[in-house]
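Enquirer: Here it is: the structure, laid out below.
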Amino acid sequence: MGRLVHTHSTYVKGLIKLLKRLAKEKGIETISPGVISRVRSHKEKLKLTITREVIGGYKLIARNGRSAQEVYITTKCNRDELREKIKKNTVSD
């Protein structure tokens, strides 16, 4: 079971709940939310997308509404395994 690092006072709506579920997955070591920003386009539901590989894991972007937030995950999983873990833990409301 991995750990979720709380580094900011604000997060994209619904992100922490999703990341807590994701942290319980085997192979996930650390999840660190990063910078939050405003974007021009609009997403109806929370979406977590893998953007690139970084040393020891991956950088993801969480999008909801007009907000986007970087998320860094330290893991031994490959890209496809991580994508499946994200899909499994994303709940459609």
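The values are calculated or read from the model by the stated rules, or taken from the named source; none is laboratory data. Every value quoted in this text rests on a predicted model; they were computed, and no experiment measured them. Reconstructed Cβ throughout: ideal geometry from the backbone, glycine too, with neighbour counts over all protein chains shown.
Enquirer: In this structure, does SER41 turn out to be out of contact with any helix residue (DSSP H, G or I) (no Cβ under 7 Å at 6 or more places or on another chain), in a strand (DSSP E or B), more than 24 Å from SER9 (Cβ to Cβ) and polar (S, T, N, Q)?
Expert: Criteria met by SER41.
Enquirer: Let me ask something additional. If we scan the range 21-29, do we find a residue that is assigned to a strand (DSSP E or B) and in contact with a strand residue (DSSP E or B) (Cβ under 8 Å, 6 or more places away or on another chain)?
Expert: The answer is yes, given that some residue of the range 21-29 is assigned to a strand (DSSP E or B) and in contact with a strand residue (DSSP E or B) (Cβ under 8 Å, 6 or more places away or on another chain).
Enquirer: Could you list, in sequence order, the residues of the range 1-44 that are at pLDDT below 90 and exposed (fewer than 13 other Cβ atoms within 10 Å of the Cβ)?
Expert: Scanning the range 1-44 gives MET1, HIS6, THR7, HIS8, SER9, THR10, SER41, HIS42, GLU44.
Enquirer: Kindly evaluate ARG52 against the criterion of being in contact with a strand residue (DSSP E or B) (Cβ under 7 Å, 6 or more places away or on another chain), at pLDDT 95 or above and surrounded by fewer than 15 Cβ atoms within 10 Å (Cβ to Cβ).
Expert: yes
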